[in-house]
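Novice: This is the structure, below, for whatever I ask next.
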Amino acid sequence: MTTHQLELSAQQVSPREQAATPGLTMQRAAPIPSACFLAFGKSEIEQSIARRFERQAERYADHLAIKTPHLHIRYRDLNRVANRIAHALLARGQGSAPIAVLLEHGAPVIAAIIGALKAGKTYVPLDASFPAERNRHILQNSGASLMLASSGTTAAATLLAANVGEPGCSVLNIDQLAADLPEHNPALALSPDSPAYIIYTSGSTGQPKGVVQNHRNVLNDVRQYTNALCISFNDRMTLLYSCSVNGAVRGIFGALLNGASLYPFDVKTQGLGGLAELLMGEEITIYHSVPAVFRHFVATLTGQEKFPKLRVIRFGGEHVLAADVALYKKHFSDDCLLYTGMGATETGHVREYFIDKQTEIAGSVVPTGYAIEDKEVVLLDDAQQAVGAGEIGEIAVRSEYLALGYWNKPQATQAAFLPAEGTARLYLTGDLGRLRADGCLEHLGRKDFQVKVRGYRIELAEIERRLLEHPSLKETVVVAQTDRHGENQLVAYVVAAGEPKPVMSELRGFLQEKVPDYMLPAAFVLLDAVPLTPNGKIDRRALPAPDRSRADEDSFVAPSTPNEEALAAIWAEILKLGRVGIHDNFFELGGHSLLATQVVSRVRKSFDVDASLSDLFEQPTVAGFAEAIIRLRMESVDPDELLRMLAELEDPGPEQTRVSLQ
């Protein structure tokens, strides 16, 4: 046995033994630690994230850190790139102001985040796919003095920076760093109390609000994640989350602070058609996404796929349905476990629930789960007193490891984060719950008008306020309803300010410039007036159900070509509609980005073309997308062959059949 193997064996600790505390209910289903598993010790959280990463980069220098279709980077090289970015930041100064990060999904954005942390900076992740107005607000509100970008995002970053006002924000292209920058670790002594990031979530005031978290709390959350799933350097983990959301923090650091390999996959640009190939080809061991992405991913499977190396499917961000468990049992091996629970950007993970092939789920929703170390859940009544056993109350989390608060929002911080015993604080989640006799927590919805859509937390008031900025509207109400697929969808009810009344497609386009796609309502309903209760409040129960059929039967135009017929059939099946016309807009019929990935996947298989999500976004009608397919086919044809085909089209011989590009 080698010295390294002896070291691994000596440090091996059962995650259940390591995390066990009095009063916790243990579940039967749980990962079995491999011989190479190293428990993440409690003492390891008393350092910076950067220091923990540097130790992994030294230990696993030649091990694969990140792999994308175009880049394979080892730990040694990732550390060197991050060090160069860190030294570039240190050379520029910038004081204690946060650093914004605007890069494409993949290895560069991860290197930029690590580099910012190494330089002692607080990073603010931006998503290049979000509307410029939203990113501009985040940039202004955070006070970021510098934005890290790549050659692909520098133009967008420069435009954003030019519109933030004083004191201004400069842009640093990490693809053009000075060649003589040092590659060694910066000699900074960083406190675990230092802020690590500001991540923005939807806000009830109409603008997103920033949640601030420090190094210690991130490390403590990664410690729980590591020990619960027995993560080791042999694991290969997906990264499907945008780096602008909290789910990515666990994904990135759950892998890179344990020597594991990370596989970023951008669902927005790559669709879901290639995800099964990634899981199988790269022998992924831990899959992590919101349940909605999982449902749409499974919809692309043929039933012939095998995932023998996949040992954990990890869900986060929203309710897990019994139907999701059934899909897991149908498509994945007996050695694979399903892991879910409850958490928030403000709290980190607070509950966990393991499921295996023998687990029976009573009801339609999987319970939130059992207690974990250092995160106590209490249920409170309206007077913030603990409720009795089995009673419903607001879920509050008591811990020493809560977020520092909301950036530049002291009143909101004081309202949500309350003092508790000792150094602990109490966070009021706004969620309702009930504890079972065995200590398992059931989530029973929200107290307010905050909802979850495809794993994203949304304040409905933010969408309503944005819609009211449209000059033709005087009232708006946005609600969440269950769609044909059993998932939450947003419906906007609007009242016109006068004549002419707004066109619903115009409202969608207006809102699309202001909020991310997951905040776009699937339907807009025009009302003469908002229904009210006798005491003058909005009567949400009286709001009419949106018409889920085609928008205008009088304008229906049937498909007339093979391409149009095939596309209309695909759309009708995925959208669960009786029929679809060639001028119907996919998104106005209730389609969204995840459903769009299913369309693109089906089109690739049916038409044998390299269609992308951007093709559907640019051509959202059947007729337009059919033309896009012809264009894609023509682009894939050899130029000489294309000339021959065109010549035949112009002058077919007497015995020839006219060639069709359909």
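Novice: Between Phe617 and Ser96, what length in nm is gained on full extension when 0.36 nm per residue of separation is reduced by their alpha carbon distance? Please list the in-between numbers first.
Specialist: Working: separation 521, 0.36 × 521 = 187.56 nm, distance 4.00 nm.
Extending this stretch completely gives an extra 183.6 nm.
Novice: What FRET efficiency comes out for Ser505 versus Lys42 if R0 is 41 angstrom and r is the Cβ-Cβ distance? Round to the nearest 0.05.
Specialist: Details: r = 55 Å, r/R0 = 1.35.
With R0 = 41 Å, the Cβ-Cβ based efficiency is 0.15.
Novice: Turning to a different aspect of this structure: So if I take the centroid of the Cα atoms in the range 212-240 and the same for the range 82-140, what is the distance between those two points in Å?
Specialist: The range 212-240 and the range 82-140 have Cα centres separated by 21 Å.
Novice: To the nearest 10 square angstrom, how much accessible area does Thr561 have with a 1.4 angstrom probe?
Specialist: Rounded to the nearest 10, the figure is 30 Å².
Novice: Taking 0.36 nm per intervening residue step and subtracting the Cα-Cα distance, what contour gain separates Glu421 from Lys357 on full extension? Provide the component values of the computation, followed by the final result.
Specialist: Working: separation 64, 0.36 × 64 = 23.04 nm, distance 4.09 nm.
Gain in length upon complete extension: 18.9 nm.
Novice: Per residue, how much accessible surface does the chain expose to a 1.4 Å probe? Answer in Å², no decimals.
Specialist: 42 Å²
Novice: Rg over Rh of the range 265-397, using C-alpha atoms and the Kirkwood radius, what does it come to?
Specialist: 1.04
Novice: Then there is this: With each run of n ≥ 4 DSSP H residues scored as -39500 (n - 2.57), what mean residue ellipticity at 222 nm is computed for the chain after dividing by its residue count and rounding to the nearest 500 deg cm²/dmol?
Specialist: It comes out at -9500 deg cm²/dmol, rounded to the nearest 500.
Novice: Out of the trypsin sites (Lys or Arg not before Pro) in the range 83-156, which ones are loop residues according to DSSP with at most 12 other C-beta atoms within 10 Å?
Specialist: Filter output for the range 83-156: empty list.
Novice: Assuming 0.36 nm per residue, please report the length gained on full extension of the stretch Leu527 to Ala386 beyond their Cα-Cα distance.
Specialist: 46.5 nm
Novice: Per the Cauchy relation, a quarter of the hull surface: what is the mean projected area of the convex hull of the alpha carbons in the chain, in nm²? List each step's numbers first, then the result.
Specialist: Values: hull surface 140.8 nm².
Answer in nm², one decimal: 35.2.
Novice: Do you know the relative contact order of the chain, to the nearest whole percent, from alpha carbon pairs under 8 angstrom that are 6+ apart?
Specialist: 11 percent
Novice: Please list, by residue number, everything in the range 175-213 whose backbone N is under 11 Å from a paramagnetic label point 7 Å out along Cα→Cβ of Glu469.
Specialist: So the set is 206-208.
Novice: With a 1.4 Å probe and all protein chains left in place, how much of the accessible area of the chain comes from carbon and sulfur atoms, in whole percent?
Specialist: Roughly 51 percent of what the probe reaches on the chain is carbon or sulfur.
Novice: Ok, one more. Using a cut-off of 16 Å between alpha-carbon atoms, which lysines can reach Lys375, once sequence neighbours fewer than 8 places away in the same chain are excluded?
Specialist: Counting by Cα, and skipping residues close in sequence, Lys375 has these lysines nearby: Lys42.
Novice: Loop only by DSSP, 13 or fewer other Cβ within 10 Å of the Cβ. Give me the GluC sites (Glu not before Pro) in the range 438-494 that pass, ordered by residue number.
Specialist: Loop-located and lightly packed - Glu469.
Novice: How much of the DSSP beta bridge set in the range 243-400 is antiparallel, as a percent to the nearest 5?
Specialist: Given both bridge residues lie in the range 243-400, the antiparallel proportion sits at roughly 70 percent.
The values are calculated or read from the model by the stated rules, or taken from the named source; none is laboratory data. Since we're looking at a predicted model, the values are computed, not measured. Cβ sites come from the backbone with ideal geometry, for glycine too, and all protein chains shown count toward neighbours. Calculation scope for accessible area: heavy atoms of the full protein, side chains included, ligands and nucleic acids excluded. Shrake-Rupley method; radii C 1.70, N 1.55, O 1.52, S 1.80 Å.
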